[in-house]
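First the structure, in the form of structure tokens, and then the observations on it.
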Amino acid sequence: MKLQLYVPDGRYEPWIEGFAEALPEAQCLKWEESQGEAADYAVVWRPPVAMLRGRQDLRAVFNLGAGVDGILRLRDEDPDALPAGVPIVRLDDAGMAAQMAEYVTAAVLRYFRKLDAYDAQERAGTWKFLKPHRRADFTIGVMGIGTLGAHIARTLAGFGFPVRGWSRSAKAVDGVESFHGEDGQRAFLDGLHVLVNVLPLTAETEDIIDTGLLYRLARGAYVINVARGPHLVEDDLLAAVREGQIAGATLDVFRTEPLPADHPFWQEPRITITPHISALTLREDSIAQIAGKIRALAEGKPIAGVVDLQRGY
């Protein structure tokens, strides 16, 4: 069995060592050193089009993350970029759900407890009580309630917040009021105090967080984006923050990464920036999950995480 690997930063050795331990029957090949060779499986993160186009040897392509836009973008550029009939398989969780729930919860609680405002008072040498938010009125909405979003929504509900979830198709999450489809989106957004975006990036969800959406939220609402940068119309958010419709935002993803030094987000104190770290890929967990799925495929068993190419996730 041969695995062909592609990681953009070129740090292959930890992955090769991990697969040697978890899947000793497999030979791991670096893409740059094995171009033109046949392989059984590709394990990739944002691969070049040359790695997948026209391949007839692969049994599956495993993505080193939950979001598969880095693979599907190849199809957008070239309709024949992906190997025909070969399943694309994403990571189901691999430790990312807990990390993302921690990140989002920290951002929510910081806004709920007005800690940014108290920080500003501290810098000004001001001792002043600020009226707290009422928990019962502090409705949080999670857009995208798949594996990661559902975990986030349940975590927030555990703090006693009213939590709503929205997805393309109907889904049920314990302790969460669920909405779905275009018809359910308006009711989901109406009056939200915090909007958390965990949607997959597709043609339908690109630019979804725009002026029209932002002004459906409660005035002074807060935005948290941990999905993908192109979900957000950046100029619309800046304008809404400066006008006061949006109190602030915590953003972990951006259209251009790293965020350029001259980007206006850097100069806006009400926008908190982190460098795409809300949920880091945990190598050991990811390797164990992929190895388990490869063994299941070898035994003719179904596996989770196969991407619906029409839906884009």
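One table, with the values for the structure above:
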{"item": "Segment 1-82 - Debye-derived log10 I(q)/I(0), Cα point model, q = 0.14, 0.24 Å⁻¹", "result": "-0.44, -1.26"}
{"item": "Per-residue [θ]222 nm for the chain (sum of -39500 (n - 2.57) over DSSP H runs n ≥ 4, rounded to 500)", "result": "-9500 deg cm²/dmol"}
{"item": "For the chain, Kirkwood radius (reciprocal of mean inverse C-alpha pair distance, Å)", "result": "21.0"}
{"item": "Length gained when the stretch E32-R113 is fully extended (0.36 nm per residue, less Cα-Cα span)", "result": "24.1 nm"}
{"item": "K131/E284 FRET efficiency (R0 51 Å; Cβ-Cβ; nearest 0.05)", "result": "0.65"}
{"item": "Over the chain, relative contact order from alpha-carbon pairs under 8 Å, at least 6 apart, %", "result": "16"}
{"item": "Cα-centre dipole for segment 96-273 with unit charges at Cβ (Lys and Arg positive, Asp and Glu negative), debye to 20", "result": "820"}
{"item": "Protection proxy ranking of 201-212, 266-277, 225-236 - average other beta-carbon atoms within 10 Å, highest first", "result": "225-236, 201-212, 266-277"}
{"item": "Pairs of lysines in the chain (C-alpha under 20 Å apart; 8 or more residues apart or interchain)", "result": "6"}
{"item": "Highest to lowest packing among 4-15, 92-103, scored as the average C-beta count within 10 Å", "result": "92-103, 4-15"}
{"item": "For the chain, built as a Gaussian network whose Cα springs stay under 10 Å, the top-fluctuating residue of L58, L156, L91", "result": "L58"}
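Any read-out appearing in this document is the output of simple, stated calculations on the displayed coordinates, not a laboratory observation. Just so you know, these numbers come straight off a predicted model, no measurement behind them. Cβ coordinates were reconstructed from backbone atoms using ideal geometry, including for glycine residues, and neighbour counts include every protein chain displayed.
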